[in-house]
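Trainee: The structure's right below; bear with me while I get my questions together.
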Amino acid sequence: MSALRSVAIVLAPLLVLGTMAVGLRLGAEPAGVAALVIPAPAPAARNRLVWQVRVIREERRIREPAPGRAIEVRARRGPEKTVWTGTTNEEGIAEAELAFSNIAPGDAVEVDVVSGSDLLARGTARVPEPRPSQALAPLRSTKSEGPVSIAVFAPPGGVPPQLESSLWVRTRVPPGRALADVRLSAEGEAGLEIMGAPSAICPLGYASLPVRAMELVLGLRMSATGPDGLTGSWYGALPVVPGGDEITFDPAAPKPNQPFAM
């Protein structure tokens, strides 16, 4: 009797846990996979579309990317059809290149995204209008002095870390003074390295300055000098591109003319 009692004490909790596990599994919603197609404007050549496809897996109301998913994108514009096949990356994203002739903004494109026998997305999207280019705004200075006006422009999004890039410097002189007489000099502070002297000022008043961002905090001091006390100065902080500062390759040493992951 004592042996049976011991077996019952051990098995009863296990049977309860097993029953709960089976009940949870039977009541769970099946996993589903879907795709989102994000249109982008056509290039100037108007011979293709490169649209992003995001594949998402949802289970128990939790959505997550579906990496390594083989997909096929079937697109049609009127009588013209094209097909792209590929695999999603680690973030569940693929860039589908769809070949069309004379594609134009506003054109309707019917798109199906399939994976094996599964239909992940179906619908009609219109080719967006090209995004108008936006003029860069000058950076705000902490301190600016002198009759020579200096404005500094950073690359869109900021200075890329650990890479050589260029700043643009715009110079303005008082009426009656010659822009060709002005010379620029630069001094980097905090994590900014100056990689060379500023270029000669062009007739429109612009010069380029090669730099490299070594830290996340950057400071720049620009000075302008000319004859008869013609001077100007600019000091301020520079924006840095957020995110990582390294790119890794797979394989580490790509073979010539062979595709590789980045």
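The values are calculated or read from the model by the stated rules, or taken from the named source; none is laboratory data. Computed from a predicted structure; not experimentally measured. In this analysis, Cβ positions are derived from the backbone assuming ideal geometry, glycine residues included, and neighbour counts consider all displayed protein chains.
Trainee: Could you give me the residue pairs with C-beta distances under 6 Å whose first residue belongs to the stretch 47-61 and is under 15 Å from T85 (Cβ atoms), whose second residue is polar (S, T, N, Q) and buried (at least 18 other Cβ atoms within 10 Å of the Cβ) wherever it lies, and which are 6+ apart or on separate chains?
Mentor: V55/T88
Trainee: Within the stretch 59-79, how many residues are part of a strand (DSSP E or B) and loosely packed, with under 15 Cβ neighbours inside 10 Å?
Mentor: The number of residues fulfilling the criteria is 5.
Trainee: Looking at (1) touching a Pro at 6+ places or on another chain (Cβ under 7 Å); (2) in a strand (DSSP E or B), find the lone condition where E95 falls short.
Mentor: Among (1) touching a Pro at 6+ places or on another chain (Cβ under 7 Å); (2) in a strand (DSSP E or B), E95 violates only (1).
Trainee: In the stretch 149-175, which residue that is modelled with pLDDT of 95 or more and β-branched (V, I, T) is surrounded by the fewest Cβ atoms within 10 Å (Cβ to Cβ)?
Mentor: V152
Trainee: Also: Filter the stretch 130-178 down to residues that are closer than 30 Å to V50 by Cβ and polar (S, T, N, Q), then give me how many there are.
Mentor: Total satisfying the criteria: 5.
Trainee: What number of residues within the stretch 110-134 satisfy the criterion of being within 26 Å of the chain's Cα centre (by Cα), without any contact (Cβ under 8 Å) to a residue 60 or more places away in the chain and assigned to a loop (DSSP other than H, G, I, E, B)?
Mentor: 3
Trainee: Kindly establish whether G78 is closer than 26 Å to G32 by Cα and either touching a Gly at 6+ places or on another chain (Cβ under 8 Å) or in the same structural domain as L49 (by TED's automatic domain parsing) (or both).
Mentor: For G78, the condition - closer than 26 Å to G32 by Cα and either touching a Gly at 6+ places or on another chain (Cβ under 8 Å) or in the same structural domain as L49 (by TED's automatic domain parsing) (or both) - is not met.
Trainee: Kindly indicate whether G116 is surrounded by fewer than 13 Cβ atoms within 10 Å (Cβ to Cβ), outside the structural domain of A213 (by TED's automatic domain parsing) and over 22 Å from A40 (Cα atoms).
Mentor: Yes, satisfied.
Trainee: Any residue at all in the stretch 60-73 that is more than 13 Å from L36 (Cβ to Cβ) and small (G, A, S)?
Mentor: Yes: one or more hits.
Trainee: I need a count of the residues in the stretch 155-187 that are in contact (Cβ under 8 Å) with a residue 24 or more places away in the chain, small (G, A, S) and either in contact with a Gly (Cβ under 7 Å, 6 or more places away or on another chain) or at positive phi (or both).
Mentor: Adding up the residues that qualify gives 2.
Trainee: Restricting attention to the stretch 180-196, does a residue exist that is closer than 30 Å to A44 by Cβ, surrounded by fewer than 17 Cβ atoms within 10 Å (Cβ to Cβ) and of a type outside the set (V, I, T)?
Mentor: The answer is no; no qualifying residue exists.
Trainee: To continue, here is another question. Would you mind listing the strands (runs of 3 or more DSSP E) fully within the stretch 135-219 where at least 1 residues are under 18 Å from G236 (Cα atoms) and aliphatic (A, V, I, L, M)?
Mentor: Filter on the stretch 135-219 gives 149-153, 164-172, 183-194.
Trainee: Here's another thing I want to ask about it. Restricting attention to the stretch 65-109, which residues are free of Cβ contacts under 8 Å to residues at least 12 places away in the same chain and of a type in the set (D, E, K, R)?
Mentor: The one that is free of Cβ contacts under 8 Å to residues at least 12 places away in the same chain and of a type in the set (D, E, K, R): K81.
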